[in-house]
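**Student:** Below you will find the structure I want to go over with you.
The values are calculated or read from the model by the stated rules, or taken from the named source; none is laboratory data. The structure presented is a predicted model; accordingly, all values stated were derived computationally and were not measured. Backbone-built Cβ (ideal geometry, glycine too); neighbour counts: all protein chains shown.
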């Protein structure tokens, strides 16, 4: 699809994270899967993401379907960040390929998980993950031992205040119903 002659429109929506904003575009930005970037070096073939990191104050980016969620550093003001992101989108999206190659470490990671963690990931895929991705984030089940699950949030969820409270309680409740009534769920510390 040649986007260079199309008018690219987008709307913005808040997320539960006050430091994250969703830019919902009229065209896809990622046709399969999702991508989360914390640094420009992680962007690989995604030139649009690299250009967005040139905007002062960008902490991380999350690409999913036709949505780019931008998370900013808390000390930056949205007024300048939003204007500068909008300029990059208008200039760069017409040249963006939503089929860009992005290494999929998540697929490789999941293949190496224990059967219990694969089951937990499948439950999260059906219940929790769609809501998190809609708000520009995601979650990974890291370890499961002695009824204790350690998880890691990604994208906008990583700095969202509700991820450590309400969202975590919802995850625990669902996993207690669908997996193990004695499970405890904790957010892994950043290393």
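**Student:** Can you tell me which residue within the range 137-191, out of those that are out of contact with any strand residue (DSSP E or B) (no Cβ under 7 Å at 6 or more places or on another chain) and part of a strand (DSSP E or B), is farthest from residue 16 (Cα to Cα)?
**Tutor:** 145
**Student:** Based on what the data block shows, is residue 70 in contact with a helix residue (DSSP H, G or I) (Cβ under 8 Å, 6 or more places away or on another chain), buried (at least 21 other Cβ atoms within 10 Å of the Cβ), in a helix (DSSP H, G or I) and in the same structural domain as residue 30 (by TED's automatic domain parsing)? Let's see the steps before the verdict.
**Tutor:** On the way: in contact with a helix residue (DSSP H, G or I) (Cβ under 8 Å, 6 or more places away or on another chain): yes; buried (at least 21 other Cβ atoms within 10 Å of the Cβ): yes; in a helix (DSSP H, G or I): no; in the same structural domain as residue 30 (by TED's automatic domain parsing): yes.
Spelling it out, it is not the case that residue 70 is in contact with a helix residue (DSSP H, G or I) (Cβ under 8 Å, 6 or more places away or on another chain), buried (at least 21 other Cβ atoms within 10 Å of the Cβ), in a helix (DSSP H, G or I) and in the same structural domain as residue 30 (by TED's automatic domain parsing).
**Student:** Scan the range 125-136 residue by residue and report those that are in contact with a helix residue (DSSP H, G or I) (Cβ under 6 Å, 6 or more places away or on another chain), within 20 Å of residue 24 (Cα to Cα) and part of a helix (DSSP H, G or I).
**Tutor:** 132
**Student:** Could I ask something else about it? Could you give every pair whose Cβ atoms fall below 6 Å, whose first residue belongs to the range 141-157 and is in the same structural domain as residue 117 (by TED's automatic domain parsing), and whose second residue is assigned to a helix (DSSP H, G or I), counting only separations of at least 6 or pairs across chains?
**Tutor:** Final answer for the pair search is 141/117; 141/120; 141/121; 144/116; 144/117; 153/163; 157/132; 157/163.
**Student:** Looking at (1) part of a helix (DSSP H, G or I); (2) at pLDDT below 95, find the lone condition where residue 93 falls short.
**Tutor:** (2)
**Student:** Hey, any hits in the range 6-17 for a residue that's free of Cβ contacts under 8 Å to residues at least 40 places away in the same chain, outside the structural domain of residue 139 (by TED's automatic domain parsing) and crowded, with 22+ Cβ neighbours inside 10 Å?
**Tutor:** No, that holds for no residue.
**Student:** Go through the range 1-46 and give me each residue that's at pLDDT below 85 and closer than 20 Å to residue 87 by Cβ.
**Tutor:** Hits for the range 1-46 are 3, 4, 5, 6, 7, 8.
**Student:** Looking at the range 144-163 only, could you name the residues that are surrounded by fewer than 16 Cβ atoms within 10 Å (Cβ to Cβ) and farther than 21 Å from residue 75 by Cα?
**Tutor:** 145, 146, 147, 148
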